[in-house]
Amino acid sequence: MTIRQTIGFNNSYAAELEGFYVPWQGDKAPDPVIVHLNTPLAIELGLDPVDLDSAGGAAFFAGSELPNGAEPLAQVYAGHQFGGFSQQLGDGRALLVGELVDQNGDRRDIHLKGSGRTPFSRGGDGKAVLGPVLREYLMGEAMHALGIPTTRALAAVTTGEQIMRDGLQPGAVLARVASSHLRVGTFQFFAARGEIEKLRKLADYAIRRHYKDLENDENRFLGLLKKIIDRQAALVAKWMGVGFVHGVMNTDNMTISGETIDYGPCAFIDNYDPGAVFSSIDEQGRYSYGNQPAIAQWNLSRFAETLLPLIDPDDSDNSIRLATDEINAFPAAYQQYWLNGMKAKLGLVGDAGADIELVNALYSAMEGQNVDFTQLFRRLADAARGHDDGLFALFNESSAIEAWLSNWLARLKRDGQVLEDRAEAMDKVNPVYIARNHKVEEALQAATVQADFGPFEKLLVVLKKPFERRDGLRDFEEAAPAEFGRYKTYCGT
Ligand code: AMP
Ligand code: MG
């Protein structure tokens, strides 16, 4: 059973980067069934969703029956995992099916995760299971709806297999879409082997694909470093603004495009806590909420190292100097993105000089007060409208926020700004609904244990419109009940 439509694949990675992958096939899934198809995304990609929502579509998304024009391949990469370098990683359970140019003219990868073993599987079984597949689905769509660059889910299928993890779990494949799957780790693979010509080829490919304006740049490789530093600074600032913890910021999980990728043990914080860690294996808190900007800079330093032979091929000291200057510029770039984001969250227009102090004072006011980070900003908007009860109720002691509130209101009114307008602007950037841990767990449990996809479907609908409060969804905006306890996520993907 195959799909009827012809997909106009246009595979630049396969064509231009021979030696950077192994052509490969997916396993035959015994009984592939679509559990969710992202119809709007399919349409955006120029695909026929009705044709995809079929037995043929299920076989396609499982990797069992690939349509004409697909050139499935497993990409090779390396990476620093929790600070230690692995020279040999790669798509151990994934396939790049092919690329297509979407309705907006943008090139997108169609990629399957969980489609079987490849030459890069090492000890792994090449499979994925339903819970983590649905988690990646929800998280990616939630981030997209929040306006954060991310890979997206096109479909989730169950394969009909039972896979051994923590007990037997339903096997599943996630079909996802990315602007590319180039990773910092892709560069590291060739740099570690001293394959400079391949590195140059990869860097030129990345420039053609993502940073075309650099093509005629005097030093395009330094330019590439600058661009990626900038995109990652912008990305991590956005994560921080919504309380997102990626959980496994290994260099193989950092993209060259600046999209969030590889949702594993990720989660959103409830209360503001810079030390928040959810991943069961992140014992040192390397990838804690507050550590993410520093880790991004660390990863970018590893990326910069790979480019050194290209930046100034004749003078390695000069390469190091130039690259170091760029890496050292990361904190300021990050802080600017972060501050702009926070100002938007707080409805601040213009520049009052001391805005950063005002933002920092809000963080100080939250300390030890068990404040729900997401609710805080909506309730501040309510306070700007004159209803401050909800805001005070969020703090253990309302006195913790009183002084700050009057300073902020004074700043907000500056230059004759109308508070109602400011509040409205805030509500456009501060979500009511995030992927609350207890709601995600509830949805995954129902799907994996009872084959009940109702809670998953409902949560997805909620998360697709995060800024718009809707009737009957009160429990989706509330923090986890106390009995939910401390949340732990697992890499057991
Ligand atoms: P991740 O932690 O998911 O980013 O993956 C790190 C590396 O482990 C990548 O090379 C993956 O392809 C590989 N990997 C993860 N899970 C599996 C699995 N079940 N089978 C084979 N390889 C895997
Ligand atoms: Mg990964």
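The values are calculated or read from the model by the stated rules, or taken from the named source; none is laboratory data. Keep in mind that what you see is a predicted model, and the values were worked out from it rather than measured. Cβ atoms come from the backbone with ideal geometry, glycine included; neighbour counts cover every protein chain shown. Areas reflect the complete protein model, heavy atoms only, side chains present, ligands, DNA and RNA absent. Shrake-Rupley method; radii C 1.70, N 1.55, O 1.52, S 1.80 Å.
THR39 accessible area, nearest 10 Å², 1.4 Å probe?
Ignoring ligands and nucleic acids, THR39 comes out at about 60 Å².
Calculate the length of the line joining the C-alpha centroid of the range 379-428 to that of the range 31-56, in whole Å.
44
From a point 7 Å beyond the Cα of ASP166 in the direction of its Cβ, which residues of the range 117-133 have a backbone N at a distance under 14 Å?
129-133, by backbone N distance to the label point.
Rounded to the nearest Å, what's the spacing between the alpha carbon centres of the range 176-243 and the range 84-148? Just the number, please.
18
Once you wrap a convex hull around the alpha carbon atoms of the range 12-178, what is its projected area averaged over all directions, in nm²?
Values: hull surface 41.0 nm².
The Cα convex hull of the range 12-178, projected and averaged over all directions, gives 10.2 nm².
Restricting attention to the range 444-473, which trypsin sites (Lys or Arg not before Pro) occupy a DSSP loop and are surrounded by at most 16 other Cβ atoms within 10 Å? Could you put the intermediate results ahead of the total?
Values: sites: LYS458, LYS464, ARG469, ARG470; in loops: ARG469, ARG470.
Loop-located and lightly packed - ARG469, ARG470.
Put THR150, THR448 in order of accessible area, largest first, 1.4 Å probe: what do you get?
Numbers: THR150 10, THR448 35 Å².
So, going from the largest accessible area down, we get THR448, THR150.
Return the loop-located GluC sites (Glu not before Pro) in the range 342-402 (DSSP other than H, G, I, E, B) with at most 12 other Cβ atoms within 10 Å of their own Cβ; answer none if there are none.
Of the GluC sites (Glu not before Pro), the ones in loops of the range 342-402 whose Cβ has at most 12 other Cβ atoms within 10 Å are GLU367, GLU397.
Accessible area per residue of the chain at 1.4 Å probe, in Å²? Walk me through the intermediate numbers first.
On the way: 19530 Å² over 493 residues.
Per residue, the chain has an accessible area of 40 Å².
Does the range 203-307 come out rounded, prolate or oblate, given a ≥ b ≥ c as the square roots of the eigenvalues of its C-alpha gyration tensor, rounded meaning a/c under 1.5 and, failing that, prolate meaning a/b above b/c?
Working: a/c = 2.61, a/b = 2.29, b/c = 1.14.
Taking the square roots of the gyration eigenvalues as a ≥ b ≥ c, the range 203-307 is prolate.
Stretched out fully, how many nm does the piece from LYS458 to ASN370 gain, at 0.36 nm a residue minus the Cα gap? Write out the running numbers ahead of the final one.
Working: separation 88, 0.36 × 88 = 31.68 nm, distance 2.81 nm.
Gain on stretching LYS458 to ASN370: 28.9 nm.
For GLN284 and THR2 in one chain, what is 0.36 nm times their gap in residues minus the Cα-Cα distance, to one decimal in nm?
96.7 nm
Kindly state, to the nearest 0.05, the FRET efficiency for ILE320 paired with VAL50, given R0 = 56 Å and r defined as their beta-carbon distance. All intermediate terms of the calculation are to be shown ahead of the outcome.
Details: r = 56 Å, r/R0 = 1.00.
Given R0 = 56 Å and the Cβ-Cβ separation, E is 0.50.
Tell me, what is the 1.4 Å probe accessible area of HIS144, in Å² to the nearest 10?
About 90 Å², rounded to the nearest 10.
Grab the DSSP H runs of the chain that are 4 residues or longer, score each as -39,500 (n - 2.57), total them, divide by all residues and round the 222 nm result to the nearest 500 deg cm²/dmol. Intermediate values should be presented prior to the final figure.
On the way: 19 runs with 219 residues, N = 493.
Only helices count here, giving -13500 deg cm²/dmol.
Let me make sure I get this right: for the range 360-412, a, b and c are the square roots of the gyration tensor eigenvalues over alpha carbons, sorted descending. Under 1.5 in a/c it's rounded, otherwise prolate if a/b > b/c, else oblate. Which is it?
Working: a/c = 1.56, a/b = 1.20, b/c = 1.29.
In terms of gyration-tensor shape, oblate.
Using a 1.4 angstrom probe on heavy atoms only, work out the carbon and sulfur share of the accessible area of the chain in %. Could the numbers behind the result be given before it?
Working: 9380 of 19530 Å².
Accessible surface attributable to carbon and sulfur in the chain totals 48 percent.
Equivalent ellipsoid semi-axes for the chain, as square roots of 5 times the alpha carbon gyration tensor eigenvalues: give them largest first, rounded to whole Å. Numbers along the way, then the final one.
Working: eigenvalues 277, 177, 81 Å².
That gives 37, 30, 20 Å for the three semi-axes.
Considering only DSSP beta bridges with both partners in the chain, what is the antiparallel share in %, to the nearest 5?
Working: 42 of 44 bridges.
Of all bridge pairs located within the chain, approximately 95 percent are antiparallel.
Hey, could you grab the Kirkwood Rh for the range 242-304? Inverse mean 1/r over distinct alpha carbon pairs, Å, one decimal. Can you show the working numbers first?
Values: mean 1/r = 0.0837 Å⁻¹.
Across the range 242-304, the inverse of the average 1/r is 11.9 Å.
Quick one: angle between helix 196-210 and the longest Cα principal axis of the chain, in degrees between 0 and 90, rounded to 10, please.
The helix 196-210 is inclined about 60 degrees to the chain.
Which FRET efficiency value, to the nearest 0.05, do you get for LYS212 and ALA361 by plugging their Cβ-Cβ distance into 1/(1 + (r/R0)^6) with R0 = 45 Å?
Numbers: r = 43 Å, r/R0 = 0.95.
According to the calculation, E is roughly 0.60.
Just to confirm the number: angle between the C-alpha axis of helix 419-429 and the first principal axis of the chain, 0 to 90 degrees, nearest 10?
On a 0 to 90 degree scale, this one is about 20.
Where nothing but the Cβ of Lys and Arg (+1) and of Asp and Glu (-1) is charged, how large is the charge dipole of the chain around its Cα centre, in debye to the nearest 20? Walk me through the intermediate numbers first.
Values: 49 positive and 67 negative charges, 67 e Å.
Using Cβ point charges on Lys, Arg, Asp and Glu, the chain gives about 320 debye.
In square angstrom, rounded to the nearest 10, how much accessible surface does LYS413 have for a 1.4 Å probe?
Accessible area of LYS413: about 110 Å².
Suppose a student asked you for the relative contact order of the range 12-178, using Cα pairs under 8 Å spaced at least 6 residues apart; what percent would you report?
25
Excluding same-chain residues fewer than 8 positions from LYS127, which lysines have a Cα within less than 26 Å of its Cα?
Hits, sequence-local ones excluded: LYS28, LYS113, LYS439, LYS488.
Using a 1.4 angstrom probe with every protein chain in place, what is the largest-first accessible-area order of HIS181, HIS210? Don't jump to the answer; show the numbers that get you there.
Values: HIS181 5, HIS210 30 Å².
Greatest to least solvent exposure: HIS210, HIS181.
Kindly sort SER399, SER179 by accessible area of their heavy atoms, largest first, with the probe set to 1.4 Å.
Details: SER399 80, SER179 25 Å².
Ranking SER399, SER179 by accessible area, largest first, yields SER399, SER179.
For the range 274-361, rounded, prolate or oblate, judged on the Cα gyration tensor with a ≥ b ≥ c (square roots of eigenvalues), a/c < 1.5 rounded, else prolate if a/b > b/c?
Numbers: a/c = 3.78, a/b = 1.42, b/c = 2.66.
Oblate, since a/c reaches 1.5 and b/c is not below a/b.
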